[in-house]
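Participant: Here it is, the structure, as structure tokens.
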Amino acid sequence: NAFSLPSGSRSSKTFKPKKNIPEGSHQYELLKHAEATLGSGNLRQAVMLPEGEDLNEWIAVNTVDFFNQINMLYGTITEFCTESSCPVMSAGPRYEYHWADGTNIKKPIKCSAPKYIDYLMTWVQDQLDDETLFPSKIGGCSCVTQHGPSRPSRSLTCACCCVPGVPFPKNFMSVAKTILKRLFRVYAHIYHQHFDSVMRLQEEAHLNTSFKHFIFFVQEFNLIDRRELAPLHELIEKLGSKDR
């Protein structure tokens, strides 16, 4: 991953289990493409939809990647984010978040930051694991090259299997927007309440690069309302102006 930390780093500890994209799938190839373009250092270009690719699939692959990144980032500071240090889920003194998921908890509840983030990341994980929402088999053709029985080195046949796959549901984009809006709140909480811990752990460069990638991506496809981004407005402006 373009944002992986040095081996032996505390960040090998994740908050929730990592969500893997199956190797050999088209989504895995898209993820590899994303990582390769991120390596070029041009984040504005890296977030753009690759030519000929499906927008839903591109957003799905990147949403999984952001979940894994935030999962890892929050995993590094969980010991500092406790019931006593963070009795409410906030992003500075002006922004407080109450949890509701619309199914298990319908009426928003006030809870501590670690509880809120646990609810949030579990909810996101459930969405990503739902094959009707985030289908891992989108369809397409896979070809296997086989050696002929008589002359293995030269006699080759190609067996191709084309499958229709599972389409993205009509509500995919609205679900993806809700996931990204909620993942933003974890970044906002880390920056406002735990940036001193991030600095002590010398992981601010990793946090900043991850957040810049996230912001450029949601801006490219207009995935989060500007009002939701208000807690980190100044930082977002600063990251954007550096890139102009």
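The values are calculated or read from the model by the stated rules, or taken from the named source; none is laboratory data. Since this is a predicted model, take the numbers as computed values, not measurements. No Cβ is skipped: glycine too gets one built from the backbone with ideal geometry, and neighbour counts run over all protein chains shown. To get the accessible areas, we keep the full protein, side chains included, count just its heavy atoms, and leave off ligands, DNA and RNA. Shrake-Rupley method; radii C 1.70, N 1.55, O 1.52, S 1.80 Å.
Participant: How many residues does region 12-56 hold that are under 14 Å from the mean Cα position of the chain (by Cα), open to solvent by less than 70 Å² (accessible area, probe 1.4 Å) and closer than 17 Å to GLN125 by Cα?
Facilitator: Final tally of qualifying residues: 5.
Participant: Let me ask something else about it. What number of residues in region 82-101 are in a loop (DSSP other than H, G, I, E, B) and under 27 Å from VAL175 (Cα atoms)?
Facilitator: Let us first name the residues in region 82-101 that are in a loop (DSSP other than H, G, I, E, B), namely 82-88, 91-95, 98, 100-101.
From what is left, the residues that are under 27 Å from VAL175 (Cα atoms) are 88, 91-92, 94-95, 98, 100-101.
Residues that pass the stated criteria total 8.
Participant: May I ask you to list the residues in region 190-200 that are open to solvent by 40 Å² or more (accessible area, probe 1.4 Å) and out of contact with any Cys (no Cβ under 9 Å at 6 or more places or on another chain)? Working first, answer last.
Facilitator: Taking region 190-200 as the starting set, the residues that turn out to be open to solvent by 40 Å² or more (accessible area, probe 1.4 Å) are 192-193, 195-196, 199-200.
Scanning region 190-200 gives HIS192, PHE195, ASP196, MET199, ARG200.
Participant: Six or more apart or on different chains, Cβ under 8 Å: which pairs go from a residue in region 214-233 that's over 18 Å from HIS192 (Cβ atoms) to one that's among the acidic types (Asp, Glu)? Could you list them?
Facilitator: Here the result reads PHE216/ASP243, each pair linking region 214-233 to a residue that is among the acidic types (Asp, Glu).
Participant: If GLN202 satisfies every condition in (1) without any contact (Cβ under 8 Å) to a residue 12 or more places away in the chain; (2) closer than 15 Å to LEU180 by Cβ; (3) not in a helix (DSSP H, G or I) but one, which is the exception?
Facilitator: In the conditions (1) without any contact (Cβ under 8 Å) to a residue 12 or more places away in the chain; (2) closer than 15 Å to LEU180 by Cβ; (3) not in a helix (DSSP H, G or I), GLN202 misses (2) alone.
Participant: Another one. Out of LEU73, LEU30, report the one residue that is in a helix (DSSP H, G or I), modelled with pLDDT under 90 and closer than 22 Å to GLN219 by Cα. Talk me through it step by step, then tell me what you get.
Facilitator: On the way: LEU73 fails: modelled with pLDDT under 90.
Answer to the check: LEU30.
Participant: Can you name the residue in region 101-120 that is open to solvent by less than 20 Å² (accessible area, probe 1.4 Å) and over 20 Å from the mean Cα position of the chain (by Cα) and, of all such residues, is farthest from GLU203 (Cα to Cα)? Step through it out loud before you land on a result.
Facilitator: Applying the first criterion (open to solvent by less than 20 Å² (accessible area, probe 1.4 Å)) to region 101-120 yields 111-113, 116-117, 120.
Subsequent filtering for residues that are over 20 Å from the mean Cα position of the chain (by Cα) retains 111-112.
On the way: CYS111: 27, SER112: 24 Å.
My answer is CYS111.
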